[in-house]
Amino acid sequence: MATVTFEGASRTYPHSTRPAVDRLELEVHDGEFLVVVGPSGCGKSTSLRMLAGLEPVTGGRVLIDGADVTGRRARDRDVAMVFQSYALYPNMTAGENMGFALRNVGVSKAETKARVAEAARILELEDQLDRRPSRMSGGQRQRVAMGRAIVRNPKVFCMDEPLSNLDAKLRVSTRAEIAGLQRRLGTTTVYVTHDQTEAMTMGDRVCVLLDGELQQVGSPTELYERPRNTFVAGFIGSPAINLVDAVPVREGRAVVSGSLELVVPAQGPGPSEVTVGIRPEGLEVVADGEPPRAGDLAARVTRIERMGSETFVFAEPTHLTPGVSVRSGHLVVRVGKRQVVTEGQPLVLRTHLDEVLLFGPDGDALR
Amino acid sequence: MTTTLAPHERSGALRAAGGYLGLLVVILVVALPLYWILAASFKERPDIYTVPVTWLPDPVTTENYTAVRTGVDFVDYLRNSIIITVVLTAVQVVLGVLSAYALAFLRFPGRGVVLMVIIAALMVPSQITMISNYALVSGLGWRNSFAGIIVPLAGVAFGTFLMRNHFLSLPTEVLEAAEMDAAGPIRTLLRVVLPMSWPTLIAFTLITVVNEWNQYLWPLLIAEDSSVAPLPVGLTQLQDAEGLTNWGPVMAGTVLTMVPILVVFLLLQRHMIKGLTAGAVKG
Ligand SMILES: Nc1ncnc2c1ncn2[C@@H]1O[C@H](COP(=O)(O)OP(=O)(O)O)[C@@H](O)[C@H]1O
Ligand SMILES: [Mg+2]
């Protein structure tokens, strides 16, 4: 049971001019499952390693349970880590791998055995305890790495992309297992991933990083519905949000096309141009013959992706205001599987106006 | 019908031929003298000098081996060789592993300088330090003693360098896991690092054993009699005792000197297998 606080924590690697993590301000609540997500190289692992004590903090502080641990060694922080590569000891059996930390701090043989057995039961590894890692499957190794962390009953779990070496199907089931296990144990957990689906499905809260800078922290729903900037909007959600750039603002209204105009919330003189964000489910295909309404967009179907339960239609808008461009070239529209759409077909798209997001020229959300 | 080889097949055949040629040269240079030593050790004295050469000893005799035992204190030399080799190997392996561990994993001021000094020590031929070492050992009154032979040879540079480089190649995350698991330096070394390092450590040990077993010049300077002199020095004694024309016993002595090291080699080399980090990282 512990809280974790990053207080303006920075890490600049030697011979590097930019900090890999720049003045990170983050509070992880007691028992919370916090997911740190961002593209590769954004400083996720570095942040986690600063918490674990494997990476020196070059500015600011890291606190666990209110105590400053910035200068404390990894072993004295009572933090357990699950590495991306699992980092199991190849010469030890699964049981020895899990019990190693306990034996190192002087826990008796009998108690170590009992605690390893308990962890093995939870992780369904009972019949694997005498095996070496080299004779185990990837999923089993992953669970041994988990077991090594949970037998210690630490204050904080750190997990660095623990699922990235599993195949897609196992990843989905293990995802649920880890989240369930964490709820049961109630141990504060910081979980790093580059996969926004993992972030959305596992985290109590999600923290988005880009280039070492914190972009936004919030519940998955919050990030999805109220992203603070275009980066968060584009990173969270799959397929990605549709971003329409360089939309001119006339008399307080962003004019996407002749029929689609959006009110720009602004104090004082608002921006002259905005970016409009519309989620794939924020667009709807209007049935043939229905009379056009304000908020409709004309488009042409360029590609169709059928996922089975749903279908994503890629469409090119045909009557945009001159100068307006769609990032990635097309709008993605989520339609039900029963809707009949064919390639090349002209469409009318209806926008759910209450779900539209607006961003200023600097990329920050306008509210 | 004639078969024409495609260019890559032709170059493959050429390469194979080159390989066999190389093999042949190696056999001529290495194996032939070894065989000659072995054959001569079983020949009668006049047969060693016959022209044309006889490849097989006929008749086979073991009198050369008897001569080795009676001519010099062979057992004493053997004992001395074993003592010197075992002590030197133990000291060098322990020192090498510990210093390599420190240089690879511990952060301390002057680490880079220490490494440079060790690499520099690798480049100094031992002959250069021999005279000053001799003066020192004499001054200490260590002539004709094991201490006099062993202590100046106990420095280790190559092993430190070899093991350090190997340690640096180990997966860092496993070492970080040991750090997180609160393993101290000695436990990390014994339970995590060394179990992933056996092949390199055994290679290092083997090289050291062979090297120390074959020490000649330094023991020759320090040892004065069979109480401390190792086998290579003993072989010289044998040559002196038998005169310059009786090579049979010298060859027999050489064979007897080689056998123990050969046994050690065969025992250890089986363990020089790769893949000890399998299962540590990645799925
Ligand atoms: N040991 C290192 N030395 C120098 N730069 C590093 C080191 N490790 C990571 N970096 C740099 O720091 C940045 C963040 O890395 P990292 O935290 O590993 O990213 P992530 O885990 O989000 O992919 C990257 O730009 C990376 O190149
Ligand atoms: Mg990473």
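The values are calculated or read from the model by the stated rules, or taken from the named source; none is laboratory data. Source: prediction; values computed, not measured. So basically every Cβ, Gly included, is an ideal-geometry build from the backbone, and we count neighbours across all protein chains shown. With ligands, DNA and RNA removed, areas are computed over all heavy atoms of the protein, side chains included. Shrake-Rupley method; radii C 1.70, N 1.55, O 1.52, S 1.80 Å.
Going through (1) touching a helix residue (DSSP H, G or I) at 6+ places or on another chain (Cβ under 7 Å); (2) farther than 22 Å from A:Val276 by Cα one by one, A:Gln215 falls short only on (2).
Considering (1) buried (at least 22 other Cβ atoms within 10 Å of the Cβ); (2) outside any helix (DSSP H, G or I); (3) in contact with a Ser or Thr (Cβ under 9 Å, 6 or more places away or on another chain), the lone condition that B:Ala183 does not fulfil carries the number (3).
Scan the stretch A:20-77 for residues that are of a type outside the set (A, V, I, L, M, F, W, C) and within 16 Å of ligand 2 (Cβ to nearest atom) and the total you get is 11.
A:Ser40 versus (1) more than 14 Å from every other protein chain (Cβ to nearest Cβ); (2) within 16 Å of ligand 1 (Cβ to nearest atom); (3) buried (at least 20 other Cβ atoms within 10 Å of the Cβ): which is the lone unmet condition? Looking at each condition in turn, A:Ser40 falls short on (3).
All of (1) open to solvent by 100 Å² or more (accessible area, probe 1.4 Å); (2) in a helix (DSSP H, G or I); (3) among the aliphatic types (A, V, I, L, M); (4) at pLDDT below 90 hold for B:Val51 with one exception: (2). Evaluation of B:Val68 against the conditions (1) touching a Pro at 6+ places or on another chain (Cβ under 7 Å); (2) under 25 Å from B:Leu190 (Cα atoms) shows that the sole unmet condition is (2).
Only one of the numbered conditions (1) over 29 Å from A:Val206 (Cβ atoms); (2) more than 9 Å from chain B (Cβ to nearest Cβ); (3) touching a helix residue (DSSP H, G or I) at 6+ places or on another chain (Cβ under 8 Å) is violated by A:Thr93, and that is (3).
Based on this model, can you work out whether A:Val217 counts as away from ligand 2 (no atom under 16 Å from the Cβ), hydrophobic (A, V, I, L, M, F, W, C), touching an Asp or Glu at 6+ places or on another chain (Cβ under 9 Å) and in a strand (DSSP E or B)? Yes: the conditions hold for A:Val217.
Take the residues of the stretch A:186-203 that are surrounded by fewer than 19 Cβ atoms within 10 Å (Cβ to Cβ) and in contact with a Gly (Cβ under 9 Å, 6 or more places away or on another chain): which is nearest to A:Arg228 (Cα to Cα)? Looking at the filtered set, the residue picked out is A:His194.
May I ask you to say which residue of A:Val82, A:Val4, A:Val116 is open to solvent by less than 40 Å² (accessible area, probe 1.4 Å) and within 16 Å of ligand 2 (Cβ to nearest atom)?
On inspection, the qualifying residue turns out to be A:Val82.
The set of residues from the stretch A:229-258 being β-branched (Val, Ile, Thr) and under 13 Å from the mean Cα position of the chain (by Cα) comprises A:Val232, A:Ile236.
Within the stretch A:44-63, being more than 9 Å from ligand 1 (Cβ to nearest atom) and either part of a strand (DSSP E or B) or open to solvent by 10 Å² or more (accessible area, probe 1.4 Å) (or both) holds for A:Gly53, A:Leu54, A:Pro56, A:Val57, A:Thr58, A:Gly59, A:Gly60, A:Arg61, A:Val62, A:Leu63.
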